[in-house]
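Reviewing the structure listed below.
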Amino acid sequence: MKKILKYVASAVALCAAIAMCGCGPSKPVLNVYMWSDYIDLDLVKEFEQKYDCKVVIDIFDSNEFMYSKLKAGGAGYDLIQPSSYMAKIMYEQKMIEKLDHSKLPSLAKINRAYLDNLAIDKKMEYSVPYMIGFTCIAYNKDKLGKIPDTWAVFGDSKLKGRMTMLNDMRETIGAALLFKGHSINTTDEKHLEEAKKQIIEWKRNLAKFDNEVYKVGIRSGEFQVVQGYSGDLFQVFAEAPELTWMCPKEGFTMCCDDWAIPVTARNKELAYKFIDFVMTPQNAARNIEFTCFTCPVDGAKEFVSEENRNHPGMFIADEMYKKGEIIQDLGADNAKYIKVWDEIKLAK
């Protein structure tokens, strides 16, 4: 997921610095490699105090960079945070451990609807789901009223120049595939050609393809409709009551970032303790409110603030797991998507 989500790195760097200064040299060290700004830093401090250790966090900004670093021998990490599709690749290549569930009692609280309907690693053999997000459409309800819940909104010429779609080939091609009634993971070249033509048609109405500025633009009023990532948008909505969101009826993408333990980890026992610590309902609730994403832990809802307890984005309804579709790695067939995306970008 965080392949698609950008966060500020400085907070995590500060966390690492605090951890390094705050513990003596004899204390055990947990080296974590994860997405930035993706955990309540107070929880990290509490874990350090509880287990008399220090946590050093390093960050990455894409699954592919993380994978390449570890594949090239970049060892030293005890715990990593790949998205589900990447965790599967790494397990198949014997880069991450098969998990010992006896050391993870918190797994009993992982939501069954997510595991049964959407998860890639349904038995949590090698990964533990941490945070789930989905792609949705945000819009200015004060300006537009209630708009239909369909990807077809990007075909509205009255909004030309006031809309954006994501600068991500799998997300944006996926939106068109869903609109045409196909899977976001199809490898059928006819389906991909249909999606290409649809996006080129939508492109005429777009201000741009964008992964970052849309958050500022929808808040300022520069954009009226944007395709975006749930957690990012919910953070914006907190200060913008004129904005709302919808999931298109044709379907939407979902993504999960997982915890996994590299086979090269030097402190596996502490890694297990950290996973179990952050996945308790109380601590999951704190991370939900910190990130505005969903942690699929039953019981977490009881521990969030009252204003967020019924937030439909932070707490995904079980039926959404049946409607959403998770992006899968397509191996050699990824080249088909790259070709289509290049043609979309070049189209006038």
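Any read-out appearing in this document is the output of simple, stated calculations on the displayed coordinates, not a laboratory observation. Model, not experiment: these values are computed from the prediction. In this analysis, Cβ positions are derived from the backbone assuming ideal geometry, glycine residues included, and neighbour counts consider all displayed protein chains.
Once the Cβ-Cβ distance of Asn310 and His101 is raised to the sixth power relative to R0 = 45 Å, the FRET efficiency obtained is 0.90. Annotation: the residues Thr164, Thr135, Thr186, sorted from fewest to most other C-beta atoms within 10 Å of their own C-beta, follow the order Thr186, Thr164, Thr135. Of all the options Tyr51, Tyr214, Tyr114, the one that moves most in a Gaussian network model of the chain with Cα springs shorter than 10 angstrom is Tyr51.
Backbone amide hydrogens, once placed in the peptide plane, bring Tyr130 within less than 5 Å of Asp257, Asp258, Trp259, excluding anything fewer than 5 places away on its chain.
Considering only Ala87, Ala317, Ala260, the Gaussian network model of the chain with Cα springs below 10 Å gives its largest mean-square fluctuation to Ala317.
Suppose R0 equals 35 Å. What FRET efficiency, 1/(1 + (r/R0)^6) with r the Cβ-Cβ distance, do Lys143 and Thr187 give to the nearest 0.05? Please report the intermediate quantities before stating the final value.
Details: r = 40 Å, r/R0 = 1.13.
The value I calculate is 0.35.
I need the calculated FRET efficiency for the pair Lys109 and Asp329, taking r as the beta carbon distance and R₀ as 25 Å, to the nearest 0.05. With a Förster radius of 25 Å, E is 0.35.
Region 275-348 and region 87-109 have Cα centres spaced 19 Å apart. Across Met131, Met314, Met169, mean-square fluctuation computed from a Gaussian network of the chain (C-alpha pairs under 10 Å connected) peaks at Met169. Ranking Ala238, Tyr272, Ala260 by Cα position along the charge dipole of region 210-285, where only Lys, Arg, Asp and Glu carry charges on their C-beta atoms, puts Tyr272 farthest toward the positive end.
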